[in-house]
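The values are calculated or read from the model by the stated rules, or taken from the named source; none is laboratory data. These figures come from a predicted structure and were not determined experimentally. Cβ placement follows ideal geometry from the backbone for every residue including glycine, while neighbour counts extend to all protein chains displayed.
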């Protein structure tokens with residue numbers, strides 16, 4: 001008889017608007033007693049219209065960063081949104097740059113086109129997904 005390997009990475013996929021971020025937020029709420037690191041991404045709305053995206057840290061400091069906005073004049077664009085990679089790089093540094101194992105669980109809500117424009121994000125995701133985990 002062999003022991004099952006613990007699950008290391010849990011991808012959650014689905015079409016836009018199906019509730020992936022809601023699931024992530026509820027799981028994070030229920031795991032509040034654990035040492036958590038990472039972030040989730042939510043819409044920024046003005047007058048009922050989506051105008052951007054905000055990354056929200058789940059670590060102790062709960063940092064936030066506007067990732068993309070219709071008014072950003074960045075040359076990096078995804079659709080109608082200008083993407084500010086420096087803001088995401090700061091959040092990634094604060095939330096995910098620690099040594100693997102310093103937290104019980106890390107959460108990355110979104111690995112999409114906007115996030116992958118940030119080299120620091122891509123490096124951390126590769127390191128975290130490929131590295132040792134519990």
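Taking the conditions (1) modelled with pLDDT under 90; (2) more than 13 Å from residue 57 (Cα to Cα); (3) within 13 Å of the chain's Cα centre (by Cα) in turn, residue 114 satisfies each one other than (1). Could you tell me whether residue 34 is in contact with a strand residue (DSSP E or B) (Cβ under 6 Å, 6 or more places away or on another chain) and part of a loop (DSSP other than H, G, I, E, B)? Spelling it out, residue 34 is indeed in contact with a strand residue (DSSP E or B) (Cβ under 6 Å, 6 or more places away or on another chain) and part of a loop (DSSP other than H, G, I, E, B). Restricting the search to segment 1-31, which residues are in contact (Cβ under 8 Å) with a residue 24 or more places away in the chain, part of a loop (DSSP other than H, G, I, E, B) and either surrounded by 11 or more Cβ atoms within 10 Å (Cβ to Cβ) or out of contact with any helix residue (DSSP H, G or I) (no Cβ under 8 Å at 6 or more places or on another chain) (or both)? Answer for segment 1-31, where residues must be in contact (Cβ under 8 Å) with a residue 24 or more places away in the chain, part of a loop (DSSP other than H, G, I, E, B) and either surrounded by 11 or more Cβ atoms within 10 Å (Cβ to Cβ) or out of contact with any helix residue (DSSP H, G or I) (no Cβ under 8 Å at 6 or more places or on another chain) (or both): 6, 8, 31.
Look at residue 129 and say whether it is surrounded by 14 or more Cβ atoms within 10 Å (Cβ to Cβ), in contact (Cβ under 8 Å) with a residue 24 or more places away in the chain and within 22 Å of residue 27 (Cβ to Cβ). Outline the logic, then answer.
Working: surrounded by 14 or more Cβ atoms within 10 Å (Cβ to Cβ): yes; in contact (Cβ under 8 Å) with a residue 24 or more places away in the chain: yes; within 22 Å of residue 27 (Cβ to Cβ): yes.
So residue 129 fits the description; yes.
Scan segment 107-125 for residues that are surrounded by 19 or more Cβ atoms within 10 Å (Cβ to Cβ) and free of Cβ contacts under 8 Å to residues at least 40 places away in the same chain and the total you get is 3. Do we find a residue being surrounded by fewer than 16 Cβ atoms within 10 Å (Cβ to Cβ), in contact with a strand residue (DSSP E or B) (Cβ under 7 Å, 6 or more places away or on another chain) and either in a loop (DSSP other than H, G, I, E, B) or on the phi > 0 side of the Ramachandran plot (or both) anywhere in segment 37-60? No: zero hits. Got at least one residue in segment 61-72 being surrounded by 13 or more Cβ atoms within 10 Å (Cβ to Cβ), part of a helix (DSSP H, G or I) and in contact with a strand residue (DSSP E or B) (Cβ under 8 Å, 6 or more places away or on another chain)? For segment 61-72, residues surrounded by 13 or more Cβ atoms within 10 Å (Cβ to Cβ), part of a helix (DSSP H, G or I) and in contact with a strand residue (DSSP E or B) (Cβ under 8 Å, 6 or more places away or on another chain): absent.
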